[in-house]
Amino acid sequence: MKLLVTGGAGFIGSNFICYILARHRGDSIVNLDKLTYSGNLRNLRGVEGDRRYKFVRGDIADGRRVRKVLSAGFDAIVHFAAETHVDRSILDGSAFVQTNVQGTECLMTAAQEARIKRFVLVSTDEVYGSAQPGEKFTEESPLAPNSPYAASKAAADLLARAHFRTFRFPVIITRCTNNYGPFQYPEKFIPLVLSRAAGGQSIPVYGGGMQVRDWIWVEDHCAGVDAALRKGREGETYNFGAGNEWPNLEIARYILRLLNKPQSLLTFVRDRPGHDRRYALHCEKSQGELGWAPRTSLEEGLKQTVEWYTSNADWVRHVESRGYRAYYRKHYERREATLAKALAHGGRK
Ligand code: NAD
Ligand code: DAU
């Protein structure tokens, strides 16, 4: 297959490119990425000498640029490019609407004009909103996003559905739970715990830390997207989850034990507004139709992740030097200062 991958310089996109090139010798990939703060070509050093791989810088919301890229001719598009961090979307949602909604619409329209035969939209489990205890979402569950990020992804997801219904656009939608593994930007919880612990810095745990996420090893997600690309039915949606439901506090404690760092680094901070309590998915459809199943246990995946971040401290330093510290200060330290002030005045948390 000749593939166009968008957002391939990010965490999951770069893992996906390496995954495909290692497993499908006949495939070639063009990676279209704007290189925002989370896009990093260092993630792709392992394939940059591969003649089947090419990088093109560009914005998916730039119609002219996208059409030019598509004029090279592709069998399929795998669309990862997005603004992805919930906390950033709470600070300012405008880039989320621009890239995740406008950009996805622009890309699908150009793909339709270019008569692309397959388009995989990488959506997320966050479109379903928060699951009640014991509840699990199926692909038919209603969408009820709670953050500006999740709402922008839900809008893209629904636009894809509409393009299928209206134009028979050959789209397949995937919705996966929380990924972890190499090359994840350290604003996300697991790499944040790892990088803060390594520096002996406090680790912010939102609320009581009892929110539950289902953690999936990134390569298992890549295998799911690959299966959806090759075996998925047009117009269908596929959930991917790993059944690894852990409260955040337990994950953080477990990582600190692996690193042999003190539990006292954990610091409870004010909760994320609109924080989803729990994510959980039924994945029988992807297992039955695509023959997909997650392979990596959380214990094994975390062990590998800890090893990767420990031996790639220069990668963490590099990404943190590109505007990350300013974001961290703005987001956490201001919240902490406000909270400390409120508590000093007897205010409510
Ligand atoms: P990431 O933030 O690490 O990477 C996003 C990539 O998109 C970056 O390389 C960035 O430069 C690029 N990008 C952003 N705006 C762009 C634009 N306008 N044009 C072109 N490129 C642009 O994100 P990630 O965690 O790798 O997530 C990838 C996709 O998977 C997203 O669509 C996300 O919603 C989805 N997803 C993520 C998870 C998760 O746990 N991380 C789970 C389910 C689904
Ligand atoms: O579920 C899939 C989604 O997972 C993806 O669609 C998103 O792109 C991805 O960012 C992720 O969203 P979350 O909000 O679940 O991930 P995050 O790593 O930001 O947070 C995980 C949990 O940890 C969440 O309950 C909030 C909590 N948390 C997070 C941070 C950054 C903390 O307690 N402290 C923190 O500092």
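The values are calculated or read from the model by the stated rules, or taken from the named source; none is laboratory data. These figures come from a predicted structure and were not determined experimentally. As a convention, Cβ positions derive from the backbone with ideal geometry for all residues, glycine included, and neighbour counts pool all protein chains shown. Calculation scope for accessible area: heavy atoms of the full protein, side chains included, ligands and nucleic acids excluded. Shrake-Rupley method; radii C 1.70, N 1.55, O 1.52, S 1.80 Å.
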For this session: Give the residues of region 31-87 that are of a type in the set (Asp, Glu) and over 18 Å from residue 184 (Cα atoms), sorted by residue number.
Result: 48, 50, 59, 62, 75
Seminar exercise, completed: For region 238-255, the count of residues that are open to solvent by less than 20 Å² (accessible area, probe 1.4 Å) and part of a strand (DSSP E or B) equals 3
Exercise. Can you find even one residue in region 138-147 that is within 12 Å of the chain's Cα centre (by Cα) and within 14 Å of ligand 2 (Cβ to nearest atom)?
Worked result: no
Exercise. Is it true that some residue in region 270-287 is modelled with pLDDT of 95 or more, in contact with a Leu (Cβ under 7 Å, 6 or more places away or on another chain) and among the hydroxyl-bearing types (Ser, Thr, Tyr)?
Worked result: no
For this session: Report the residue count in region 134-153 for those that are small (Gly, Ala, Ser), assigned to a loop (DSSP other than H, G, I, E, B) and within 20 Å of residue 273 (Cβ to Cβ).
Result: 2
Problem set entry | Test result for residue 284, surrounded by fewer than 16 Cβ atoms within 10 Å (Cβ to Cβ), acidic (Asp, Glu) and more than 15 Å from ligand 2 (Cβ to nearest atom) | yes
Seminar exercise, completed: Here the residues within region 156-177 that are farther than 24 Å from residue 213 by Cβ and either within 14 Å of ligand 1 (Cβ to nearest atom) or open to solvent by less than 20 Å² (accessible area, probe 1.4 Å) (or both) are 159, 160, 163, 169, 170, 171, 172
Exercise. Can you tell me which residues in region 256-299 are part of a strand (DSSP E or B) and in contact with a Cys (Cβ under 9 Å, 6 or more places away or on another chain)?
Worked result: 281
For this session: Report those helices (runs of 4 or more DSSP H) wholly inside region 1-111 carrying at least 3 residues which are surrounded by fewer than 17 Cβ atoms within 10 Å (Cβ to Cβ).
Result: 63-70
Exercise. Can you name the residue in region 112-128 that is open to solvent by 10 Å² or more (accessible area, probe 1.4 Å), of a type in the set (D, E, K, R) and part of a helix (DSSP H, G or I) and is also nearest to ligand 2 (Cβ to nearest atom) among such residues?
Worked result: 126
Seminar exercise, completed: Checked region 202-218 for anything buried (at least 20 other Cβ atoms within 10 Å of the Cβ), of a type outside the set (A, V, I, L, M, F, W, C) and away from ligand 1 (no atom under 14 Å from the Cβ); matches are 204, 211
Seminar exercise, completed: All-but-one check, residue 52 against (1) more than 9 Å from ligand 1 (Cβ to nearest atom); (2) touching a His at 6+ places or on another chain (Cβ under 9 Å); (3) not hydroxyl-bearing (Ser, Thr, Tyr), failing number (2)
Exercise. What number of residues within region 182-225 satisfy the criterion of being in a strand (DSSP E or B) and aromatic (Phe, Trp, Tyr)?
Worked result: 3
For this session: Give the residues of region 296-324 that are of a type in the set (Val, Ile, Thr) and surrounded by fewer than 17 Cβ atoms within 10 Å (Cβ to Cβ), sorted by residue number.
Result: 310
Problem set entry | Checking residue 181 against (1) within 12 Å of ligand 2 (Cβ to nearest atom); (2) touching a strand residue (DSSP E or B) at 6+ places or on another chain (Cβ under 8 Å); (3) closer than 25 Å to residue 265 by Cβ, the condition it does not meet | (1)
Exercise. Residue 168 fails exactly one of the following numbered conditions: (1) touching a helix residue (DSSP H, G or I) at 6+ places or on another chain (Cβ under 9 Å); (2) modelled with pLDDT of 95 or more. What is the number of that condition?
Worked result: (1)
